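The values are calculated or read from the model by the stated rules, or taken from the named source; none is laboratory data. Note that this is a predicted model, so its numbers are computed, not measured. Here the Cβ is made from the backbone with ideal geometry for all residues, glycine too, and neighbour counts use every protein chain on show.
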Amino acid sequence: MKSDLIVLGGGPAGGNAALAAAAAGLSVVLFDEQPAAGGQVWRAPWAGKADPHDSPERREGDALRDALASSPVDLRFGRRVWSVGRAFRVDALGPDGNEWVEAPRLIAATGAHERVVPFPGWTLPGVIGLAAATVLLKSHAARPAGPVVVAGCGPLLAAVAAGILKAGGDVAAVVDLASARDWLVAVPHLASRPSLLAQGLGWTLKIAGRGVPVLFRHAVRRVEGAERAERVVIAPVDETGAFTGGSERSFEIGSLVVGHGLVPGGEVPRLFRAKTRFDRLRGGHVPELDADGRTSIAGLYAAGDGVGIKGAAAAVLNGTLAGLAAARDAGRLSESEWRKRAEPARTAAAGLAPFSDAIAGLMALRAGQVASVPAETVVCRCEDVTRGEIEAAAVAGATEVNQLKHFTRCGMGPCQGRMCGETAAEILARSLGVEREAVGQWTARPPLRPVPLADLLGRFDYSDIPIPKPAPL
Amino acid sequence: MIERDGAFHRRAAPGARMVELTVDGRAVTAPEGEPLATALAAAGILLLRRSPRAGAPRGAFCFMGVCQECAIFVDGALRQACMTPVAAGMQVELRGVP
Ligand SMILES: Cc1cc2nc3c(=O)[nH]c(=O)nc-3n(C[C@H](O)[C@H](O)[C@H](O)COP(=O)(O)OP(=O)(O)OC[C@H]3O[C@@H](n4cnc5c(N)ncnc54)[C@H](O)[C@@H]3O)c2cc1C
Ligand code: FES
């Protein structure tokens with residue numbers, strides 16, 4: 001099947017890109033593996049969830065879902081895109097097997113994933129991601145086993161702690177890498193979005209009202225337990241996130257929820273070898289884009305947190321701009337009509353910058369975090385590769401992340417380096433004594449996400465999960 | 001002594017259809033359509049598999065289809081439990097988990 005435009009991702013960025021392009025007259029196909037639009041932040045509750053609570057995020061998500069449903073956009077939910085090829089052919093695995101669409105233009109809006117900097121015990125069952133907890137609370141009407149310690153950094157900490165309390169759970173402590181001062185410095189910028197500031201204060205009050213201890217400038221030292229997480233030990237850190245040697249505290253837990261910010265996915269621009277640069281504030285390698293989301297590859301656009309962490313409000317605007325740019329480039333919008341539609345989004349996006357910088361700043365990786373990972377701790381969960389093994393590879397001559405993959409299998413497992421990639425790259429750079437930029441970026445390979453070959457072909461086993469071929473050195 | 005919950009908590013919708021699935025021969029009840037990883041966690045089954053190299057215990061981690069820690073056998077095929085909706089009569093196998 002052919003269309004004018006394919007949009008990959010139905011979150012705030014992709015959803016709005018599809019709407020803007022379709023409103024300008026393009027035929028648009030939108031792919032997302034989730035059952036409904038909304039992406040991570042406006043994730044729809046699955047159908048049987050208990051009394052879906054009313055929240056600003058819920059309302060925004062419903063508004064996007066309604067707008068898409070009444071638009072001419074060809075909606076392909078429940079489809080995992082596993083291949084994106086030249087001329088822009090997209091292959092996706094859906095309920096009826098493989099399907100493909102071709103279009104001269106493609107907008108990649110695949111979002112971000114979570115970074116968790118490893119510590120001993122982080123692989124134990126009962127330790128889950130912070131962003132993962134938002135999915136449980138928002139979409140599954142579930143909360144982790146209590147008592148819960150919520151640890152890491154960024155605005156999701158308070159949101160998740162308050163969400164667990166609201167759902168009737170027990171939060172033993174909130175452990176924040178940031179100091180109270182870091183937050184105070186960020187707050188004036190957060191105040192540029194009063195509704196969110198109020199939400200943040202609401203979360204904070206909810207935590208305070210329950211007498212939950214909030215430990216600023218602390219981090220998880222280790223999690224103990226045999227077959228699941230039973231105890232978390234925390235300790236004070238300095239402003240770089242390195243442990244100060246101050247006294248440890250421990251909490252008996254049912255679960256640890258932990259996250260250290262987000263990493264932009266960006267696999268589609270990388271697959272096409274679009275120009276990228278490393279941007280620590282934005283979470284990792286990001287494609288170089290013009291003001292409308294054009295990558296260095298003709299016809300390929302990108303928007304949202306997948307091209308640098310900026311948050312949902314910026315994703316909406318950048319998605320809209322990318323959709324308009326695609327329509328303009330396809331000759332469906334005159335210069336003046338394009339300007340009329342794009343100008344408001346551009347102005348609003350510029351106004352958001354202080355807010356998104358403040359949010360990104362609270363979530364950005366700190367130098368001392370990676371330095372604190374013990375040598376025997378697993379970094380790559382898929383292949384059980386430890387920090388020590390990564391350092392040994394550096395000594396043995398690995399100078400770049402794709403070589404590291406060959407030396408250690410780090411990043412070669414089914415998650416394709418999404419969980420460990422940024423941490424492993426930082427460790428490699430540190431052990432070589434070079435900047436993070438110098439060790440390069442992970443080459444993206446199809447499949448974009450693993451798909452069982454059985455669903456494409458026939459019966460299969462674990463070893464049949466397509467795992468990307470090693471990158472050429 | 002602090003009481004530790006054995007399982008995750010979930011509130012099923014009042015009208016949800018509760019169905020039965022089998023996990024290594026054991027019957028588990030969950031609302032139809034719920035992501036399987038959540039259904040298992042709510043039944044106290046957090047340990048889903050062991051890591052291939054070190055044999056270390058693992059469970060669902062990202063709940064968004066990225067980490068692959070929840071890859072288990074559902075009706076004979078390897079599936080990501082966090083992306084697989086519960087269906088009546090589903091046969092779940094945690095191969096390699098004692
Ligand atoms: C797990 C998680 C939870 C988060 N929770 C919050 C929160 O509660 N509050 C908040 O302010 N911010 C949250 N964020 C931050 C979030 O990234 C942004 O605020 C916002 O969702 C970005 O919008 P987006 O459109 O760029 O990407 P997303 O909303 O992530 O949308 C991307 C979409 O692309 C789809 N997709 C990706 N790859 C494929 C593929 N190969 N095939 C098919 N579909 C694909 C995904 O299913 C997803 O729906 C969260 C992030 C994550 C990772
Ligand atoms: S829990 Fe990470 S893929 Fe399912």
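Being over 30 Å from A:V379 (Cα atoms), more than 16 Å from ligand 1 (Cβ to nearest atom) and not in a loop (DSSP other than H, G, I, E, B) narrows it down to one residue among B:A39, B:A30, B:A87, B:A16; which is it? Result of the check over B:A39, B:A30, B:A87, B:A16: B:A30.
Given the criterion within 8 Å of chain B (Cβ to nearest Cβ), at pLDDT 95 or above and buried (at least 24 other Cβ atoms within 10 Å of the Cβ), identify the matching residue among A:P144, A:P118.
Answer to the selection: A:P144.
Counting only residues that are outside any helix (DSSP H, G or I) and not aliphatic (A, V, I, L, M), which one in region A:312-343 is surrounded by the fewest Cβ atoms within 10 Å (Cβ to Cβ)? If we take residues in region A:312-343 being outside any helix (DSSP H, G or I) and not aliphatic (A, V, I, L, M), then A:G331 is surrounded by the fewest Cβ atoms within 10 Å (Cβ to Cβ). Of everything in region B:5-22 that is at the interface with chain A (Cβ under 7 Å from one of its Cβ atoms) and modelled with pLDDT under 85, the residue that is farthest from the chain's Cα centre (by Cα) is B:A13. The condition (being crowded, with 18+ Cβ neighbours inside 10 Å, more than 7 Å from chain A (Cβ to nearest Cβ) and under 20 Å from A:G121 (Cα atoms)) is satisfied by just one residue among B:R49, B:R58: B:R49. Here A:W46 fulfils each of the conditions (1) farther than 17 Å from A:S3 by Cβ; (2) out of contact with any Asp or Glu (no Cβ under 8 Å at 6 or more places or on another chain) apart from (2).
Pairs linking a residue in region B:76-97 that is within 13 Å of ligand 2 (Cβ to nearest atom) to a residue that is hydroxyl-bearing (S, T, Y), with Cβ atoms under 8 Å and 6 or more positions apart or on different chains, are B:L78/A:Y462; B:C82/B:T38. A:A132 meets each of the listed conditions (1) more than 11 Å from chain B (Cβ to nearest Cβ); (2) modelled with pLDDT of 95 or more; (3) near ligand 1 (Cβ under 10 Å from one of its atoms); (4) more than 30 Å from A:D290 (Cα to Cα) apart from (1). Screening region B:65-83 for residues that are part of a loop (DSSP other than H, G, I, E, B) and farther than 16 Å from A:C382 by Cα and picking the one that is modelled with the lowest pLDDT gives B:G76.
Selection over region A:393-415 of residues that are in contact (Cβ under 8 Å) with a residue 12 or more places away in the chain, part of a helix (DSSP H, G or I) and either touching a Cys at 6+ places or on another chain (Cβ under 7 Å) or of a type in the set (G, A, S) (or both) gives a count of 3. Taken over region A:397-430, the criterion of being closer than 22 Å to A:L281 by Cα and either basic (K, R) or away from chain B (no Cβ under 14 Å) (or both) is satisfied by A:E400, A:V401, A:R418, A:A424, A:A425, A:E426, A:I427, A:L428, A:A429, A:R430.
Conditions (1) without any contact (Cβ under 8 Å) to a residue 60 or more places away in the chain; (2) in a loop (DSSP other than H, G, I, E, B); (3) over 26 Å from A:G200 (Cα atoms), marked per residue:
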position	(1), (2), (3)
A:I297	yes, yes, yes
A:K310	yes, yes, no
A:A345	yes, no, no
A:A350	yes, no, no
A:I359	no, no, no
A:L365	no, yes, no
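Within region A:367-392, the set of residues being assigned to a loop (DSSP other than H, G, I, E, B) and out of contact with any Phe, Trp or Tyr (no Cβ under 6 Å at 6 or more places or on another chain) comprises A:V373, A:P374, A:A375, A:E376, A:T377, A:R381, A:C382, A:E383, A:D384.
Quick check on B:P52: is it away from ligand 2 (no atom under 14 Å from the Cβ) and at pLDDT below 95? Yes; evaluated as a whole, the condition is true for this residue.
Which residue out of A:E248, A:E288, A:E230 is farther than 29 Å from A:A429 by Cα and surrounded by fewer than 16 Cβ atoms within 10 Å (Cβ to Cβ)?
Answer to the selection: A:E248.
Restricting B:Q91, B:Q68 to residues that are surrounded by 19 or more Cβ atoms within 10 Å (Cβ to Cβ) and not basic (K, R) narrows the list to B:Q68.
The condition of being touching a helix residue (DSSP H, G or I) at 6+ places or on another chain (Cβ under 8 Å), assigned by TED's automatic domain parsing to the domain that holds A:D329 and in a helix (DSSP H, G or I) holds for only one of A:L64, A:L93, A:L75, that being A:L64.
Got a number for residues in region B:44-64 being among the charged types (D, E, K, R), part of a loop (DSSP other than H, G, I, E, B) and within 19 Å of A:G129 (Cβ to Cβ)?
Residues flagged as among the charged types (D, E, K, R), part of a loop (DSSP other than H, G, I, E, B) and within 19 Å of A:G129 (Cβ to Cβ) within region B:44-64 amount to 0.
Screening A:V41, A:V28 for residues that are of a type in the set (V, I, T), near ligand 1 (Cβ under 9 Å from one of its atoms) and either modelled with pLDDT under 95 or within 20 Å of A:V81 (Cα to Cα) (or both) leaves exactly one candidate, A:V41. Could you say which residue among A:A349, A:A330, A:A392, A:A325 is modelled with pLDDT of 95 or more, touching a Leu at 6+ places or on another chain (Cβ under 7 Å) and aliphatic (A, V, I, L, M)? On inspection, the qualifying residue turns out to be A:A330. One residue alone among A:G304, A:G259, A:G254 is crowded, with 24+ Cβ neighbours inside 10 Å and more than 22 Å from the chain's Cα centre (by Cα), and that residue is A:G254.
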